[in-house]
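**Student:** The structure is given below, and queries will be raised subsequently.
Every number in this text was worked out from the coordinates using simple rules, so none of it is lab data. Since this is a predicted model, take the numbers as computed values, not measurements. So basically every Cβ, Gly included, is an ideal-geometry build from the backbone, and we count neighbours across all protein chains shown.
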Protein chains: 2
Amino acid sequence: MLGTRGGWRALRYCSSSLPREQRVPAARLRVREALGSREAADKVKVQGWVRSVRSQKEVLFLHINDGSSLESLQVVADPSLECRDLTFGSAVEVQGKLVKSPHKMQDVELQAEAIHVVGPCDTLSFPFKIKERHPLEYVRQFPHLRCRSNALGALLRIRSEATAAIHSFFQDNGYVHIHTPIITSNDCEGAGELFQIGTSQEAKESAEKKHFFNVPTFLTVSGQLHLEAMAGAFTRVFTFGPTFRAENSQSRRHLAEFYMVEAELSFTESLQDIMQVMEHLFKTATSTVFSKCPRDVELFHKYVAPAQKGRLEQMLKNKFVIISYNEAVEILKQASQTFNFKPEWGCDLQTEHEKYLVKHCGDVPVFVINYPYDLKPFYMRDNEDGPQHTVAAVDLLVPGIGELCGGSLREERLPFLESRLQRLGLTDAYQWYLDLRKFGSVPHGGFGMGFERYLQYILGVDNIKDVIPFPRFPHSCLL
Amino acid sequence: MLGTRGGWRALRYCSSSLPREQRVPAARLRVREALGSREAADKVKVQGWVRSVRSQKEVLFLHINDGSSLESLQVVADPSLECRDLTFGSAVEVQGKLVKSPHKMQDVELQAEAIHVVGPCDTLSFPFKIKERHPLEYVRQFPHLRCRSNALGALLRIRSEATAAIHSFFQDNGYVHIHTPIITSNDCEGAGELFQIGTSQEAKESAEKKHFFNVPTFLTVSGQLHLEAMAGAFTRVFTFGPTFRAENSQSRRHLAEFYMVEAELSFTESLQDIMQVMEHLFKTATSTVFSKCPRDVELFHKYVAPAQKGRLEQMLKNKFVIISYNEAVEILKQASQTFNFKPEWGCDLQTEHEKYLVKHCGDVPVFVINYPYDLKPFYMRDNEDGPQHTVAAVDLLVPGIGELCGGSLREERLPFLESRLQRLGLTDAYQWYLDLRKFGSVPHGGFGMGFERYLQYILGVDNIKDVIPFPRFPHSCLL
C-alpha cells in the first residue's frame, strides 16, 4: 500500500486499507496518519482517475479518485503543470506534498510538484460527462464503465461490505460455510424455470449425443437441499452464492442470475427459531454496513431514496411483525381497497396483497407464517392442523420490495415425506433426500434471502439491475 | 446457541460459536466456560449424532458429535438408559450434568440423566460402519452422507475457515469484493472448453429458436476480464467464486466446477508486485487456517499426508523461489532425467517438467516468469524483449500439484492490444475490453488461484474430488 519507489511514498488516500475497526469514518484516516509525520507528508505520490479539472489563472484544481471512497482528493497545482491530456476520466499520478486544507469540505489537499498522465481519456467518446449526474438507466448501458460513476462506485463498495458482514454474522454464530453446487441434476422446487447445461460440442452435434454428465443438468435455483445434507453433519450451515431462474420477467425485482444467502439449522423445532435468525441476520448486516460505509450509504439516502433513512433506523429498533397466513387473508378480505386478485384462502399472495399487508402493519417488515399445504413445495413440514392443511412456512415481506426471504421447517418424518414424494412421482429422483430421513433425521429448518433485494431495500434502489455488477436478464447478457 | 427450554440449557460442546480469537484450541472452550458455573453445568442438554456406543455391565459410554469439531463428547450413562434405537448414526438429545472427566484424553464428559433418540439410524443400510476407517474413494460414493465421516467433516470445516481467511486477507488490504458473472457472453481465454447455457424450453424445441439472452452464453471460465473493468474504478478488486471447464479430464487435479480466487491491481508495473500479493495471500491464509483448526488439519497431516506438515512449516518461513521460463528450459535441458516431452524453448511446460522443476528447486513453491508470447492469451503484456518474444506472465508451481496460480501483467497499451485482437479476429467481440484502454488506462495485473488445488496442497489430499462438497466431473453430477 505504501511503497517507496524512487524516494516517493505511494499513498492511497482513503482508509479502506486500515484494520476494519478503524475504517469509520471512511475517508482520509491514512492521510491524517501521513500528516502526523512531516517526512511522510512531504514526498507523497497519489494515483487515481481525474473527476474534475478546474483551471484558474493562478491555480489549477484537480479532484482525483482511486475508488477507495466516495470522496476525491483535491490537488492544488501551478497552472504550468496543466497539459492537453489532463482531462476528466484520465488516469494520473501526482507527486507532491500533503497539507491541511484551508477549505471546510476537506481535511487535506495535495500540493502538486509533478503531474503525470498515466492514461489519457478520449473524452469525446467517453459516455460520462464531467459534472453531469447521469440517471441510473443511462449508466446501465455501460456495464464496463459504470463502476466509475459515483452511484455505482458507492453501491459496489456497499455490496462488498454487505457480503463481508453476512459472512461474519454466520461465522461468529458457529455456522460452517458450504459451497453448494452450481451445476445440479436436481430441480429444488419442482417448479421455476431452469437453465440447462450443455457443452459447445453438444450444441453443435445432435441433442441425442451423450450428456457431459450422463444426465441432464441445470443451473441451481437454490442450495437448500444440499445444505440440508450438510446440516445433518454440522448442525448449522450456510451458503452465499449465485442462483438462477430462466423466467421471462422484465420486472424491477427479478434477474436471471442473482445471489442468495441460505442457512439451515438442525435440532430446530419451531419457526420462531428460524425467524429469529432471519431478523438477527438482517439487523446485524444492516447495522454493520451503515457503520462501515456511512458516506456511500448517505449518497443513496440523500439522493436516491430520501425517505428511506429514518424508516430504516426505526425498523432496526423494533421487532418485526408476525402474522399468520390466515390472519393475512382476513386482513385482505376486510380491506376497503379493491384488488385485481380477490384474496381467498388457498391462493398465493400477490404483489398487491403483499404491499397492502406491509402498509397495514405500519410499513415495517412482516413475517407471514403457516401457508396452505398445497401452495408450498414438497419439503415443507406439515403442521398437522388438519388433513394436509398448512405447512410451517414463513415469508418475510418488506416495504417497497415484497418478498425478501422465504423459509420453513423441513419435513423430517420419513413417512410424511415418502408419501408426498410418491404422490408427485419423485420418489426415485429424491432417494438421496429420503436417505437423510433414514439415518439420524432431526427436526430442522432454514431460509433464503435474496441478496440483491436486500440491497434494494436498505438503499432504496428501485431497479434490481442497479445493485449487481453485471445484470443478466431476458435478452441481455452484456460482457 | 444456549437456549433454555424447559429449564434445560442447550449446549453446543465446541467453541466455534465463540469470538474468532478464542476459537483456538478448537474444542471444548464453551464447555469449560459452562463448568465455571455450577448451575450451568448441572442442567445441560446436548444434541448430536452418535459416533460410538459401548455398553458395559455397570456403565454405558456414548460419543456424540454435532459437527462443530472433530472431537466428540463422551456421555456416561446408566445401562438402563440404553434402548434399541440408540445406535451408531442415530441422532440424540442427552440431558445431564457436565463434569470434569477422569480420563486424560478429554476435559469433560456428560453424566446422562435422560437420553432421547431424536432420529434412529437404519444401521444395516447406512453405508458407514462403526469404528471403520472408510477410504476416501468409498465415502465419495455418498455425497449426501460423507460429511458425517471424520475426514470430510474436518475437510469441510477447514474449507469454511480457508474461505473466511481469504476474504479477510483481501478486505484487510483494501480490496473491493466483486461478484463477477457466472453466465457470460465472453470466452475469457479464447481457449478451454465451455459449458453452454440454454433453457429447458430451448432444449425441447429447435436449436434455431431465439436464445434467452439473444446471444449464445456460457458458464464463466474466469472472472478476470470483468475484474479488469472494476480495477479501473476501485484500483484493487477480488472475486472468489465458481468457474467451469467442460474438459473431458478424469485427472486427480481437474473438476468441471471449481472455485477460483482472483485479484486485479491497478497502477502496478511489475510482476514482482503481483507475486508479492500471491505469496502473501498464500502464507496468510495458510497460517490462519493452521491456527484456527489445528485438530482438523492434524488429521490430514497425521493420517493422510504424514510428510506434509514439516514441509509446509518450512515453506511458510522461506521466500518462494523465482526463475524465468528461459532458466526453466535450461534446467530441464540439463536434467539427467529423460522426459516424455523434450524440453524446448517455445513449448508449454508439461506436468513432468513442472514436477522436475519443483524438485530441482528443493521441493518448494516456484514462480516461473516471462513465458513465450505465443503460449499465452491475448491480454498478457508484451515484454518487448524481442519481436513478440515473451510476455509478463507468471505461474506458481507447488510440490505434488503443479500449477496452483497463474497471473500476468495485462496489456494496457491500446495499439498493442488492438493489433493482437485484430490478428485473432476478436476486435468486435472485445470492443468493450478495448474501451478500458481508451478511457484512463493504467498499468495493471492480477492472478487467479485454484481454491481446491490450494486445499489439496496444504492438506496433502491426493484427489481434488475430496476437497469440494459436491464434485462435478465427466459422467458424474450426483445430487
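**Student:** Enter the Cα centre distance for the pair region A:230-276 and region B:227-265, rounded to the nearest angstrom.
**Tutor:** Region A:230-276 and region B:227-265 have Cα centres separated by 23 Å.
**Student:** Please give the average number of partner chain Cβ atoms lying within 10 Å of the Cβ of each residue in B:210-217, rounded to a whole number.
**Tutor:** Mean shielding by partner chains, rounded to a whole number: 5.
**Student:** Further, regarding this structure: Give the peptides A:56-63, A:116-123 in descending order of average Cβ contacts within 10 Å, highest first.
**Tutor:** Those peptides, ordered most packed to least, come out A:116-123, A:56-63.
**Student:** Would you kindly calculate the mean projected area, averaged across all directions, of the convex hull enclosing the Cα atoms of chain B, in square nanometres?
**Tutor:** 28.5
**Student:** Further question: Output the direction-averaged projected area (hull surface divided by four) of the convex hull of the alpha-carbon atoms of the protein assembly as shown, in nm².
**Tutor:** For the protein assembly as shown, averaging the hull's shadow over all directions gives 43.0 nm².
**Student:** Under 19 Å from a point 7 Å along the Cα-to-Cβ line of B:Asp363: which residues of region B:399-425 have their amide N that close?
**Tutor:** Of the residues in region B:399-425, B:399-404 have backbone N under 19 Å from the label point off B:Asp363.
**Student:** Set the Förster distance to 22 Å, then compute FRET efficiency between A:Phe339 and A:Leu424 from the Cβ-Cβ distance, nearest 0.05.
**Tutor:** 0.10
**Student:** How would you rank A:323-331, B:159-167, highest first, on the average number of other Cβ atoms within 10 Å across their residues?
**Tutor:** B:159-167, A:323-331
**Student:** FRET efficiency for A:Asp348 and A:Lys97, Cβ-Cβ distance as r, R0 = 45 Å, nearest 0.05?
**Tutor:** Efficiency computed from Cβ-Cβ geometry: 0.10.
**Student:** Along region A:129-135, what does the Karplus equation 6.51 cos²θ - 1.76 cosθ + 1.60 (θ = phi - 60°) give for ³J(HN,Hα), rounded to whole Hz, x for Gly and Pro?
**Tutor:** In residue order, the calculated couplings are 10, 4, 6, 8, 9, 7, x Hz.
**Student:** Which residues in region A:270-314 place their backbone N less than 19 Å from a point set 7 Å from the Cα of A:Arg133 along the Cα-to-Cβ direction?
**Tutor:** Counting only backbone N, you get A:294-310.
**Student:** If you consider only alpha-carbon coordinates, what radius of gyration and Dmax does region B:305-405 have, in Å?
**Tutor:** 14.4, 49
**Student:** OK, next. Place the label 7 angstrom along Cα→C-beta at A:Lys319 and in each other copy, then list the distances from the first to the rest in nm, shortest first.
**Tutor:** From this label point to the equivalent ones elsewhere in the assembly: 6.2 nm.
**Student:** Determine the calculated [θ] at 222 nm for chain B from helices alone, applying -39500 (n - 2.57) to every DSSP H run no shorter than 4 residues and normalising by the residue count; nearest 500 deg cm²/dmol.
**Tutor:** Helices in chain B give a 222 nm mean residue ellipticity of -8500 deg cm²/dmol.
**Student:** Counting only other chains, and only Cβ atoms inside 10 Å, what mean value do you get across the residues of B:224-233?
**Tutor:** Going residue by residue through B:224-233 and averaging, the value is 5.
**Student:** Return the average number of partner chain Cβ atoms within 10 angstrom of each residue Cβ along peptide B:430-437.
**Tutor:** Rounded to a whole number, the mean comes out at 3.
**Student:** Follow-up question, since we're still on this one. In chain A, which helices (entire DSSP H runs) extend 24 Å or more along their own long axis, judged by Cα positions, while averaging at least 0.0 on the Kyte-Doolittle scale?
**Tutor:** A:150-172, A:271-292
**Student:** Moving to a separate point now. Over the Cα atoms of region A:199-357, what Rg and Dmax result, in angstrom?
**Tutor:** 21.3, 60
**Student:** Which of A:Lys359/A:Lys465; B:Lys333/B:Lys359; B:Lys45/B:Lys292; A:Lys283/A:Lys465; B:Lys43/B:Lys100; B:Lys319/B:Lys342 have a Cα-Cα distance over 18 Å?
**Tutor:** From the list (A:Lys359/A:Lys465; B:Lys333/B:Lys359; B:Lys45/B:Lys292; A:Lys283/A:Lys465; B:Lys43/B:Lys100; B:Lys319/B:Lys342), the Cα-Cα distance tops 18 Å for A:Lys359/A:Lys465; B:Lys45/B:Lys292; A:Lys283/A:Lys465; B:Lys319/B:Lys342.
**Student:** Let's test the formula: R0 of 51 Å, r as the Cβ-Cβ distance of A:Lys302 and A:Asp374. What FRET efficiency results, to the nearest 0.05?
**Tutor:** 0.65
**Student:** To continue, here is another question. Averaging over all projection directions, find the projected area of the Cα convex hull of region B:59-101 and quote it in nm² with one decimal place.
**Tutor:** 3.5
**Student:** Hey, got the dipole for the protein assembly as shown? About the Cα centre, +1 on K and R Cβ, -1 on D and E Cβ, debye to the nearest 20?
**Tutor:** 2020
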